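The values are calculated or read from the model by the stated rules, or taken from the named source; none is laboratory data. Just so we're clear, the structure is a prediction, and the values are computed from it rather than from any experiment. Here the Cβ positions follow ideal geometry from the backbone for every residue, glycine too, while neighbour counts run over all protein chains shown.
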Amino acid sequence: MRIERIRLAPYACPLPTPWPSAEGPVAVREGVILTLEEEGGRVGLGESAPFPGFGLETIASSVAALRLAARYLIGMPRDRYLAAVSDLHRLAPVMASPSARHAIDLALHDLLAQDRHVSMARVLGGDRALDEVPINAALPRLPRRELALAAATAVAEGYRTLKIKVGGVSTAEDVDRVRAVRDQVGADVRLRLDANRSWSETDSVEALQALDGVGLEYCEEPVADLETMARVRAATPVRLAADESLTDLDSARRVLDEGAADVLVLKPMALGGLRPAGAIASLAREHGVEVVVTTMLESPVGRRGALHLAASLGFTRYAHGLAVGCAPWPAAPHARPLARPGSGRVLRLGDEEDLGTDFRIWQGAQSDFEENLLEEEEEKA
Ligand SMILES: [Mg+2]
């Protein structure tokens, strides 16, 4: 069996609430779905969706990279998939495009899993892989009252872990907002913060010292550089998590060597795929550091990959950030999170396997954009 056809279908999907990024609010999520089709019709799905604030990629640069990579993928036999996945970071057209590498890595893992009749989580993690993983709710930057209300709604929906976006207001206001959430949800719900690098060193120390006693799991990326983050970590009682600082295995080594974080947040889309993200998870574990898997608000295709990566890690101490994303097509109802007494909201593997009739209708409707990349490349040659 060989890869016979490659297709790209772009999407632009308004988000229900603009989302804070290190480069300002994001109101529309854009990306492209990659389909690798084998002889015989089996398809593997991947996604490339660069997010502002993570690297220098754009949709255009990632699509250009995927077009160039098509020549390498077309005709690839099935027994090359595994080697191809481990060599992707060396493949020239996608070297500078982690999101494009992610698309190929994910689609190849999808095909490998189907070939072996196991889940992608099993391909990645073997027997350690879980069947379901706990997930957290993510609350955007909202004023105090609305935020407390959103927190109450999430808890009523069964979430036991909430992540609160902070920054963009005075630290006193942030402290007040976080306290309001704690008062609203009580002591049993886990809270974590994400500042997306919007605090100064002084802000971070002030806010996190003031929040000592509120009971926080950790705070993601309070500041913009590792040295400062290590100083903030030493000066405050709250654990810190690295997120934007992680771009590859070397950057993960730097975070660990600097002592800048207690937790690593792994976004397969930013890290070039499931395999490189898994390698960072292994490194973190060697250092006794926990990891959390999150998406970058991509479509159900990318979120499915992140779910399988999270499940492949086995039991971890923290809920994963897989609840939020965009919906270019109506998502299948059975792919929604389930509420479990005790562990809160979970996503089950397998429930998302059938991405739904709606996905196929949507993909079919993209025919105006759908590209047979090989033909186009040959026309050019
Ligand atoms: Mg973050």
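Quick rundown of the values:
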{"read-out": "Any hit, segment 42-52, residues being outside any helix (DSSP H, G or I) and either surrounded by fewer than 14 Cβ atoms within 10 Å (Cβ to Cβ) or in the same structural domain as Met296 (by TED's automatic domain parsing) (or both)", "value": "no"}
{"read-out": "Which listed residue, of Arg160, Arg141, Arg197, is farther than 28 Å from Leu226 by Cβ, of a type in the set (D, E, K, R) and assigned by TED's automatic domain parsing to the domain that holds Val238", "value": "Arg160"}
{"read-out": "Any chance Val292 is in a loop (DSSP other than H, G, I, E, B), of a type in the set (A, V, I, L, M) and either within 16 Å of the ligand (Cβ to nearest atom) or more than 15 Å from Ile33 (Cβ to Cβ) (or both)", "value": "no"}
{"read-out": "Wholly within segment 147-223, strands (runs of 3 or more DSSP E) carrying at least 2 residues that are over 23 Å from Arg340 (Cβ atoms)", "value": "190-194, 216-220"}
{"read-out": "Residue that is farthest from Ser299 (Cα to Cα) [pool: residues in segment 61-120 that are under 22 Å from the mean Cα position of the chain (by Cα) and among the charged types (D, E, K, R)]", "value": "Asp87"}
{"read-out": "Out of Glu221, Glu217, Glu244, sole residue that is closer than 21 Å to Gly259 by Cβ, modelled with pLDDT under 95 and either touching a helix residue (DSSP H, G or I) at 6+ places or on another chain (Cβ under 7 Å) or within 16 Å of the ligand (Cβ to nearest atom) (or both)", "value": "Glu244"}
{"read-out": "Those residues of segment 156-174 which are over 21 Å from Gly53 (Cα atoms) and surrounded by 19 or more Cβ atoms within 10 Å (Cβ to Cβ), in sequence order", "value": "Tyr159, Arg160, Thr161, Leu162, Thr171, Asp174"}
{"read-out": "Test: residue in segment 81-100 that is in contact with a strand residue (DSSP E or B) (Cβ under 9 Å, 6 or more places away or on another chain) and among the basic types (Lys, Arg)", "value": "no"}
{"read-out": "Options Ala241, Ala252; residue that is in contact with an Asp or Glu (Cβ under 9 Å, 6 or more places away or on another chain) and either outside the structural domain of Ala103 (by TED's automatic domain parsing) or small (Gly, Ala, Ser) (or both)", "value": "Ala241"}
